[in-house]
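Asks: This is the structure, below, for whatever I ask next.
The values are calculated or read from the model by the stated rules, or taken from the named source; none is laboratory data. Because the structure is predicted, anything quoted here is derived from the model rather than measured. Using ideal geometry, Cβ is built from the backbone for each residue, glycine included, and neighbour counts are taken over all protein chains shown.
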Amino acid sequence: MIIKKADKIGLCFGIRRAMDIIDKVVSERGSVETLGAIAHNHHVVQSLADKGVRVAKNIDDIKGDTIVIASHGVSPQVLEELKARHLNIVDATCPFVHRPQLAARRLAESGFLVVIYGDASHAEVKGILCWANGKGIATLDTGTNKKLDPLPRRLGILSQTTQIPANFNKFVKKVIDAALSQDSELRIIDTICHDTRERQATTEKLAGRVDLMLIIGSRGSANTNRLAELCSGVTEVCFVESAGELKSYQFKGKQHVGITAGASTPEQTIDEVIAKLKTL
């Protein structure tokens, strides 16, 4: 069996940055809390817990006087409430997430309905919607979207940072086709993360050269699920969170196996999976 890793693999810039920020705070204070999990990966959460990092589920769950904002960011309203409680706020929001937050606010203030191509239940998207101050919607519908019927005159279109660029393009084209039939004004801002683009591109390229793609990461991770979605259209896919999920029958007859991982998957987990794969 030949095993090949994608060129872009391991923790992304935003997660690495957040963990570096947390490490600095822990070294100064001994322990700290994060508002929500710093990343959608239980291995990352556990490694931070071992260092003394506690996850606060919500504002009322905060026990101490210092709180770290997770990489997915929060709404302006949450930030104001944290300030009102006189907490020491350490913002670890990924810069690539903060960009669509600011874009949503600017568009809303300029009179545009903000349309986010993304999962409305995801923490990042919820936060971005709040920056639009009630003047936004989130959807993954690339067909005739009922939420945009009738089509507002002024539309500002953004994307969740971890979406597949080709799917975002299809969505935008659908909206443009509908808008051209009436007096509309559109602003389109591509807010897909640069790291996401590179990771998806190298993964899809590798998928075309192997018998099976092994996707490593949390099933609750949006960007990891997008990798699995991309690869499934090219080759067979095996999705695991840890080495313990590997089964020998999954690789029977596979001569070439590709490896990729979500942006919140630590290198240690990837190494453990590869080591286990070699024993099979």
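Asks: Can you tell me which residues in region 28-58 are without any contact (Cβ under 8 Å) to a residue 60 or more places away in the chain, in a loop (DSSP other than H, G, I, E, B) and within 30 Å of Val273 (Cβ to Cβ)? Show your work before the answer.
Replies: At the first step, the residues of region 28-58 found to be without any contact (Cβ under 8 Å) to a residue 60 or more places away in the chain are 28-35, 37-38, 45-46, 48-58.
Restricting the remaining residues to those that are in a loop (DSSP other than H, G, I, E, B) gives 30-31, 37-38, 50-52, 57-58.
Scanning region 28-58 gives Ala37, Ile38, Asp50, Lys51, Gly52, Lys57.
Asks: With respect to the numbered conditions (1) within 18 Å of Phe96 (Cβ to Cβ); (2) without any contact (Cβ under 8 Å) to a residue 40 or more places away in the chain; (3) out of contact with any Gly (no Cβ under 8 Å at 6 or more places or on another chain), which one is the sole condition not fulfilled by Glu204?
Replies: Of the numbered conditions (1) within 18 Å of Phe96 (Cβ to Cβ); (2) without any contact (Cβ under 8 Å) to a residue 40 or more places away in the chain; (3) out of contact with any Gly (no Cβ under 8 Å at 6 or more places or on another chain), the odd one out for Glu204 is (1).
Asks: Can I ask one more? Of the residues that sit in region 111-137 and are in contact with a Lys or Arg (Cβ under 8 Å, 6 or more places away or on another chain) and among the small types (Gly, Ala, Ser), which one is nearest to Ala178 (Cα to Cα)?
Replies: Only one residue tops the list, namely Gly111.
Asks: Here's a follow-up. Scan region 219-227 and tell me whether some residue there is assigned to a strand (DSSP E or B), under 15 Å from the mean Cα position of the chain (by Cα) and more than 22 Å from Asn169 (Cα to Cα). Explain how you work it out, then say what you get.
Replies: First, the residues of region 219-227 that are assigned to a strand (DSSP E or B): none.
Checked region 219-227: no residue is assigned to a strand (DSSP E or B), under 15 Å from the mean Cα position of the chain (by Cα) and more than 22 Å from Asn169 (Cα to Cα).
Residue-by-condition table, conditions (1) of a type in the set (D, E, K, R); (2) crowded, with 17+ Cβ neighbours inside 10 Å:
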position	(1), (2)
Thr203	no, yes
Gly208	no, no
Gly217	no, yes
Gly220	no, no
Leu227	no, yes
Leu230	no, yes
Ser242	no, no
Lys252	yes, no
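Asks: Okay, next question. Restricting the first residue to region 260-271 and requiring it to be not assigned by TED's automatic domain parsing to the domain that holds His43, which pairs with a second residue that is part of a helix (DSSP H, G or I) and of a type in the set (Lys, Arg) meet a Cβ separation below 9 Å and a spacing of at least six or different chains?
Replies: Qualifying pairs under 9 Å: Thr260/Arg199; Ala261/Arg199; Gly262/Arg199; Gly262/Arg226; Ala263/Arg199.
Asks: Tell me, yes or no, whether region 75-85 has at least one residue that is basic (Lys, Arg), part of a helix (DSSP H, G or I), outside the structural domain of Val125 (by TED's automatic domain parsing) and touching a residue at least 24 places away in the same chain (Cβ under 8 Å).
Replies: Step one: of region 75-85, the residues basic (Lys, Arg) are 83, 85.
Checking which are part of a helix (DSSP H, G or I) leaves us with 83.
Imposing the further condition that a residue be outside the structural domain of Val125 (by TED's automatic domain parsing) reduces the set to 83.
When the remaining residues are screened for being touching a residue at least 24 places away in the same chain (Cβ under 8 Å), the result is none.
Taking every residue of region 75-85 in turn, none turns out to be basic (Lys, Arg), part of a helix (DSSP H, G or I), outside the structural domain of Val125 (by TED's automatic domain parsing) and touching a residue at least 24 places away in the same chain (Cβ under 8 Å).
Asks: Can you confirm whether region 37-48 contains a residue that is farther than 30 Å from Ile176 by Cα, hydroxyl-bearing (Ser, Thr, Tyr) and touching a strand residue (DSSP E or B) at 6+ places or on another chain (Cβ under 6 Å)? Break it down into steps so the answer makes sense when it comes.
Replies: Step one: list which residues in region 37-48 are farther than 30 Å from Ile176 by Cα, which gives 37-48.
Imposing the further condition that a residue be hydroxyl-bearing (Ser, Thr, Tyr) reduces the set to 47.
Remaining after also requiring touching a strand residue (DSSP E or B) at 6+ places or on another chain (Cβ under 6 Å): none.
No, region 37-48 contains no residue that is farther than 30 Å from Ile176 by Cα, hydroxyl-bearing (Ser, Thr, Tyr) and touching a strand residue (DSSP E or B) at 6+ places or on another chain (Cβ under 6 Å).
Asks: Now for a different question. Based on this model, can you work out whether Asp61 counts as acidic (Asp, Glu), free of Cβ contacts under 8 Å to residues at least 60 places away in the same chain, exposed (fewer than 13 other Cβ atoms within 10 Å of the Cβ) and farther than 25 Å from Thr269 by Cα?
Replies: The answer is yes for Asp61.
Asks: Please determine whether any residue of region 153-169 is more than 25 Å from Lys276 (Cβ to Cβ), part of a strand (DSSP E or B) and either β-branched (Val, Ile, Thr) or touching a residue at least 60 places away in the same chain (Cβ under 8 Å) (or both).
Replies: Kept after step one, since they are more than 25 Å from Lys276 (Cβ to Cβ), are these residues of region 153-169: 153-169.
Next, from what is left, pick out any that are part of a strand (DSSP E or B): 154-159.
Then drop every residue that is not either β-branched (Val, Ile, Thr) or touching a residue at least 60 places away in the same chain (Cβ under 8 Å) (or both), which leaves 157.
So far as region 153-169 goes, yes, one or more of its residues are more than 25 Å from Lys276 (Cβ to Cβ), part of a strand (DSSP E or B) and either β-branched (Val, Ile, Thr) or touching a residue at least 60 places away in the same chain (Cβ under 8 Å) (or both).
Asks: Given the criteria assigned to a helix (DSSP H, G or I), touching a residue at least 40 places away in the same chain (Cβ under 8 Å) and crowded, with 19+ Cβ neighbours inside 10 Å, does Val257 qualify? Break it down into steps so the answer makes sense when it comes.
Replies: Numbers: assigned to a helix (DSSP H, G or I): no; touching a residue at least 40 places away in the same chain (Cβ under 8 Å): yes; crowded, with 19+ Cβ neighbours inside 10 Å: yes.
Criteria not met by Val257.
Asks: Moving to a separate point now. Can you tell me which residue within region 105-132, out of those that are in a helix (DSSP H, G or I) and out of contact with any Ser or Thr (no Cβ under 9 Å at 6 or more places or on another chain), is surrounded by the most Cβ atoms within 10 Å (Cβ to Cβ)? Outline the logic, then answer.
Replies: If we filter region 105-132 for residues that are in a helix (DSSP H, G or I), which is where we start, we get 105-109, 123-131.
Going one step further and asking which of them are out of contact with any Ser or Thr (no Cβ under 9 Å at 6 or more places or on another chain), we end up with 105-109, 123, 125.
Values: Arg105: 19, Arg106: 16, Leu107: 25, Ala108: 19, Glu109: 11, Ala123: 18, Val125: 27.
Among those residues, the one meeting the criterion is Val125.
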